[in-house]
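Following: one structure in structure tokens, then a few remarks.
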Amino acid sequence: MPSARQESRRFSVPLLFVGIALLVVNWFVIPATSFWLSLIIQLLAFLIFGLFFFVLYFFRDPERGVPTDEKIIVSAADGLVVDVVEMDEPDFKLGKMKRVAVFLSVFDVHVNRSPVEGAVKKTTYKTGDFLDVRHPDSSIRNECRSWWLETAQGPVAVRQIAGLVARRIVAWSQEGDTLRRGYRFGMIRFGSRTEVFLPVECTILVKPGDRVEGAATPIARWP
């Protein structure tokens with residue numbers, strides 16, 4: 001299946017080649033007397049290699065231990081819980097649900113994982129704006145991909161929201177797939193927001209300000 005490592009190659013391989021090319025030009029093409037030109041090229045190479053190592057860091061995908069208690073619903077993303085609210089689920093019209101919203105900075109792991117075990121009944125993609133995902137309107141106006149997961153206990157929805165920097169939502173699963181808890185189903189590149197919609201009967205275990213890890217941190221419990 002696709003992975004964060006494969007996604008990273010889209011950025012890391014070109015950066016690596018450009019960085020090496022700059023060093024080759026500096027060492028073998030630029031005359032030794034061109035001090036300032038050589039210095040500029042070295043600084044550019046340093047910047048390129050810095051971006052290369054940041055891309056490797058950003059696309060990391062650590063293994064996580066999923067809680068053994070099957071009544072536990074896990075976080076779909078790494079980051080900071082910014083909102084816990086009861087509201088109407090907007091994408092699939094699933095009615096009143098509890099929403100747990102997580103903000104992902106550029107320093108968080110950006111692989112999204114299934115919070116529950118269930119089948120992908122439907123997934124939908126919506127174009128939109130690229131507001132900072134901390135903006136209150138980002139959940140409504142920004143580009144997003146939503147997932148309807150049908151479980152034995154009821155429907156669950158997950159929404160991947162692109163942000164000011166993150167402008168690419170990557171889906172690794174599709175309609176009809178069955179996902180285990182903690183299964184990697186996609187990612188959002190470079191800063192984003194992930195929302196999980198749960199039946200109102202679920203007990204929420206997190207609050208705004210909590211840090212969570214995808215697949216590992218319990219965010220709710222089935223009744």
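Side notes on the structure shown:
- Remark: segment 72-221 carries a charge dipole of roughly 200 debye about the Cα centre, counting +1 on each Lys and Arg Cβ and -1 on each Asp and Glu Cβ.
- When the Cα gyration tensor is reduced to axis lengths a ≥ b ≥ c, the ratio a/c is 1.5 or higher for segment 79-126, and with a/b not above b/c it is classed as oblate.
- Counting only alpha carbon atoms, the long axis of helix 4-28 and the longest principal axis of the chain meet at about 10°.
- Across all directions, the average projected area of the convex hull around the alpha carbons of segment 4-58 is 3.5 nm².
- Loop-located GluC sites (Glu not before Pro) across segment 14-118 with a Cβ neighbour count of 14 or fewer within 10 Å are GLU63, GLU70, with loop assigned by DSSP.
- Cβ-based net charge around ALA77, under 10 Å, with every Lys or Arg adding one and every Asp or Glu removing one: -2
- Summed over qualifying helices (DSSP H, 4 residues or more, each -39500 (n - 2.57)) and divided by its residue number, the chain shows a 222 nm mean residue ellipticity of -8000 deg cm²/dmol.
- Taking the convex hull of Cα positions in segment 72-221, its mean projected area over all directions (nm²): 7.2
Read-outs throughout are calculated quantities, based only on the coordinates presented, and are distinct from any laboratory measurement. Treat the numbers as computed from the prediction; the structure is a model and nothing was measured. Note: ideal-geometry Cβ built from the backbone for every residue, glycine included; neighbour counts use all protein chains shown.
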